[in-house]
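Chemist: First the structure, which I've put down as structure tokens, then a few questions once you've had a look.
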Amino acid sequence: MAQDLFQAPDYFGLDDLLTEEHKLVRDAAREWVKREVSPIIEDAAQKAEFPKEIIGGLAEIGAFGPYIPEEYGGAGLDQISYGLIMQEIERGDSGVRSTASVQSSLVMYPIWKYGTEEQKQKFLPKLASGEFIGCFGLTEPDFGSNPGGMVTNIKDMGDHYLLNGAKMWISNAPFADIAVVWAKNEEGRIKGIIVERGMEGFSTPETHNKWSLRASATGELIFDNVKVPKENLMPNKDGLGAPLGCLDSARYGIAWGAIGAAMDCYDTALRYAKERVQFDKPIAGTQLQQKKLAEMITEITKAQLLTWRLGVLRNEGNATSAQISMAKRNNVDMALNIAREARQILGAMGITGEYSIMRHMMNLESVITYEGTHDIHLLITGLDITGIPAFK
Ligand SMILES: Cc1cc2nc3c(=O)[nH]c(=O)nc-3n(C[C@H](O)[C@H](O)[C@H](O)COP(=O)(O)OP(=O)(O)OC[C@H]3O[C@@H](n4cnc5c(N)ncnc54)[C@H](O)[C@@H]3O)c2cc1C
């Protein structure tokens, strides 16, 4: 990939709304991405491999459990710092951000919120340091947008649970040390249970041939009569609301992350347009390319403001799930549109790995589908404003 010359757009002076701590955290993540992610990410994506060598660095910048209390190894930061870290990581690559999101919001968050003190002590510090990598098993082959229909189940066998079923499309699965798995008990109630690598009957085959999120490992979780100790059940919340609580946190991070991908595409296209000469002048001097660039910075600015406000609401504990849905949906769509337009500004160069745009564009095709599809988030807003569910 060409040298990382990224300069973050801040058209409305959003930095004025950030604290010194926010800026320090953001700048540290930004520098780390330039130094450690940009030089290797294109190669990792081409090879379809998660670059494991960056796990230590992700832990160091606080990407594993940014808002988990320090007593459990987390960074103890607020929601805006968490968002800014996700923004910077996804500026590098959505696949790397996915690994950090899963670890923080879908593995550490449920253990912290729904787990026992023993589970917190046992798993959270190792997850925060990157010694353990986790994954989150909700989606099943026949239940994606409708996870409440899941068939994966646990049976109480007295001294342990017997787990059966399968999960699909699970980020980090192929190399995860633990999996937070959602399964129904005999009464049909959804429970969260921690499954550890090495348990008999538990396997995690990798999903190959993805054209998207190639630098993130995706796989299945297969449970064939897995004996899970009773102490691995997370007792403090159950029902669909338990996994949805995790998704709120992850979707919030994605809303910020998508801005990062959009900023990178815009910044790359702007620089290219100023340098690329056709018909004896830079293409940036043509009305058509200016329209694209002007619309991009307008959309990025709107998303930045929306998401910063969401961060304030999250810090106050007042953000609703529907607000998070709106921000996730808007920002990912915005980023995908910008990636497509930016790719065109680069002409033929836009399809190569010399520039990050095509990789962002392909990655965002997953981001617009996972953690609730673009359609489902629209239906969530529809339900919120009308009071009438239109899912069925
Ligand atoms: C790379 C990647 C990583 C992922 N990582 C994870 C992970 O770590 N853990 C995990 O649990 N899951 C993960 N997922 C799964 C992801 O969350 C699901 O793919 C997503 O929820 C959609 O489910 P589905 O693919 O089965 O699509 P479906 O639910 O089958 O939807 C297909 C289409 O139908 C539309 N649709 C569905 N229902 C309705 C309706 N009621 N009204 C109108 N339209 C509707 C959808 O919007 C979509 O366009 C990942 C997916 C990908 C691609």
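Chemist: Tell me which of these residue 169 doesn't satisfy, since it passes every other one: (1) within 17 Å of the chain's Cα centre (by Cα); (2) more than 10 Å from the ligand (Cβ to nearest atom).
Modeler: (2)
Chemist: I would also like to ask the following. For the range 143-244, which strands (runs of 3 or more DSSP E) that fit wholly inside it have 3 or more residues that are buried (at least 22 other Cβ atoms within 10 Å of the Cβ) and not polar (S, T, N, Q)?
Modeler: 160-171, 178-184, 190-196, 218-229
Chemist: So, residue 41, is that one part of a helix (DSSP H, G or I) and touching an Asp or Glu at 6+ places or on another chain (Cβ under 7 Å) or not?
Modeler: In short, yes.
Chemist: Can you pull out the residues in the range 341-354 that are surrounded by 15 or more Cβ atoms within 10 Å (Cβ to Cβ) and under 28 Å from residue 302 (Cα atoms)?
Modeler: 341, 342, 343, 345, 346, 350
Chemist: Please name all residue pairs, on different chains or six or more residues apart, with Cβ atoms under 6 Å, provided the first residue is in the range 208-220 and is over 20 Å from residue 166 (Cα atoms) and acidic (Asp, Glu) and the second residue is near the ligand (Cβ under 10 Å from one of its atoms) and part of a loop (DSSP other than H, G, I, E, B).
Modeler: Partner pairs satisfying both residue conditions: none exist.
Chemist: Right, something else. Can you give me the number of residues within the range 317-340 that are of a type in the set (Val, Ile, Thr), surrounded by fewer than 24 Cβ atoms within 10 Å (Cβ to Cβ) and under 30 Å from residue 46 (Cβ atoms)?
Modeler: The number of residues fulfilling the criteria is 0.
Chemist: Does the range 378-390 hold any residues that are in contact (Cβ under 8 Å) with a residue 40 or more places away in the chain and either farther than 14 Å from residue 331 by Cα or more than 9 Å from the ligand (Cβ to nearest atom) (or both), and which are they?
Modeler: 380, 381, 383, 384
Chemist: Write out, first by first residue and then by second, each pair whose Cβ atoms fall under 8 Å of each other, whose residues are 6+ apart or on separate chains, and whose first residue, in the range 145-159, is in contact (Cβ under 8 Å) with a residue 12 or more places away in the chain and β-branched (Val, Ile, Thr) while the second is within 16 Å of the ligand (Cβ to nearest atom) and part of a loop (DSSP other than H, G, I, E, B).
Modeler: 151/142
Chemist: For residue 183, indicate whether it is at pLDDT 95 or above, under 21 Å from residue 149 (Cβ atoms) and within 16 Å of the ligand (Cβ to nearest atom).
Modeler: When the stated conditions are applied, residue 183 passes them.
Chemist: A follow-up question, please. Checking residue 126 against (1) open to solvent by 10 Å² or more (accessible area, probe 1.4 Å); (2) in contact (Cβ under 8 Å) with a residue 60 or more places away in the chain, which test does it fail?
Modeler: That leaves (2) as the condition not met.
Chemist: Turning to a different aspect of this structure: Please tell me if residue 107 is open to solvent by 60 Å² or more (accessible area, probe 1.4 Å), within 16 Å of the ligand (Cβ to nearest atom), within 16 Å of residue 221 (Cβ to Cβ) and β-branched (Val, Ile, Thr).
Modeler: The answer is no for residue 107.
The values are calculated or read from the model by the stated rules, or taken from the named source; none is laboratory data. Source: prediction; values computed, not measured. Heads up, the Cβs are rebuilt from the backbone with ideal geometry, glycines too, and the neighbour counts pull from every protein chain shown. For the accessible areas, the whole protein counts, side chains as well, though only heavy atoms, and no ligand, DNA or RNA atoms are used. Shrake-Rupley method; radii C 1.70, N 1.55, O 1.52, S 1.80 Å.
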